[in-house]
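The values are calculated or read from the model by the stated rules, or taken from the named source; none is laboratory data. Just so it is clear, the model here is predicted, and its values are computed rather than measured. With ideal geometry, Cβ positions are generated from the backbone for all residues, glycine too; neighbour counts draw on all protein chains shown.
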Amino acid sequence: MTAPRNPPPGLPRLDPPGAEPAYEVGYARPPAAHRFQKGRSGNPRGRPKGAKNKRPALNEERLKSIILDEAYRGIDIREGDRTLTVPMAQAVMRAIAHNAVKGKHFSQKLFAELVGDIERASFQLNAEYFRSAVTYKDAWEAELRRRRTHGITSLPDPVPHPDHLVLDARAGTVRVIGPMTREEKDVYDAATDEFAELLWILAATRDKLARARSAKRKQTLQEILERLGQREPSYRAILPPDMQAKAAARAERFAADIADPQTAEQARAARQQSRHTRQLLLLHAKKREEEIRKSR
């Protein structure tokens, strides 16, 4: 005899005489055929790969990752009438600082030790970086002198160039005023070519303005000079002095070789890439200014 179907909710069940009470299927009560069997594991294959309790690999520092995750987990704190979400590490340091201000000796000692350790580590890191920059600059200056002495011109210049490293021994700071990678050097070289073309056009326009006779012609040339002159300061602010000098020398060669068709073709190619180059230079200049501002 088959067991009766489950009655509608709220009605009693009618079981056959002598039969065991039927098993009611519902929340946390799966069908009998799908229940865990006694003495048999519900996961015979065990925990899958990548489980949390697996022993870390030799190159893995899982405990550090856990600590860092907790240190930078956001937590809500009260500050006056406001609720701020800050990293856990910042909240702990703020609590230590507040307790130190209240006169708790342990917090005062701990806070002083933390600040001192961080300042010493920052000083040592900056001193090591400054020494590395001095060594780099001295070594490459000697190498470039050797190349000039022996007339070696086939080897590429180092990046960054030693002339682009500005060292301040009093402040212990290092500032790079030129390209720092090969990719950046390609952008700077393109900007140097474009700046050379701009200087050449400015010189040619000034010469035409000096020889112009009609007032209308002079006015037109003057407007061109003013419009082109607005671009010159941006190049001088970005390009280092040696690249500016290279651009000026190249502009003089442009003026001397103006009748050469190859020179005219180079000028046209420079004009085609001018917009893209200016955008890259502006992005690079903003990034460099942000890095300098953060270092201060």
> Do the conditions hold for P158, that is, is it outside the structural domain of A245 (by TED's automatic domain parsing), touching a Lys or Arg at 6+ places or on another chain (Cβ under 9 Å) and under 25 Å from A248 (Cα atoms)?
Replying inline: no
> Does segment 162-194 hold any residues that are in contact with a Gly (Cβ under 9 Å, 6 or more places away or on another chain) and farther than 28 Å from R253 by Cα, and which are they?
Replying inline: L165
> Quick one: which of L282, L221 is at pLDDT below 65 and either closer than 30 Å to T173 by Cα or surrounded by 15 or more Cβ atoms within 10 Å (Cβ to Cβ) (or both)?
Replying inline: L282
>> Please go through (1) more than 13 Å from K246 (Cβ to Cβ); (2) surrounded by fewer than 16 Cβ atoms within 10 Å (Cβ to Cβ) for D189 and return the number of the only condition it doesn't satisfy.
In response: (1)
> Which ones in segment 84-103 are assigned to a strand (DSSP E or B) and exposed (fewer than 13 other Cβ atoms within 10 Å of the Cβ)?
Replying inline: T85
>> Yes or no: segment 195-218 includes at least one residue that is assigned to a helix (DSSP H, G or I), β-branched (V, I, T) and without any contact (Cβ under 8 Å) to a residue 12 or more places away in the chain.
In response: no
> Among the numbered criteria (1) more than 27 Å from the chain's Cα centre (by Cα); (2) in a helix (DSSP H, G or I), which single criterion is violated by E183?
Replying inline: (1)
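Given D138, D157, D81, D69, which one is among the acidic types (D, E), over 21 Å from V176 (Cβ atoms) and under 32 Å from the mean Cα position of the chain (by Cα)?
D69
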> Which residue out of E197, E184 is farther than 25 Å from L228 by Cβ, at pLDDT below 90 and not aromatic (F, W, Y)?
Replying inline: E184
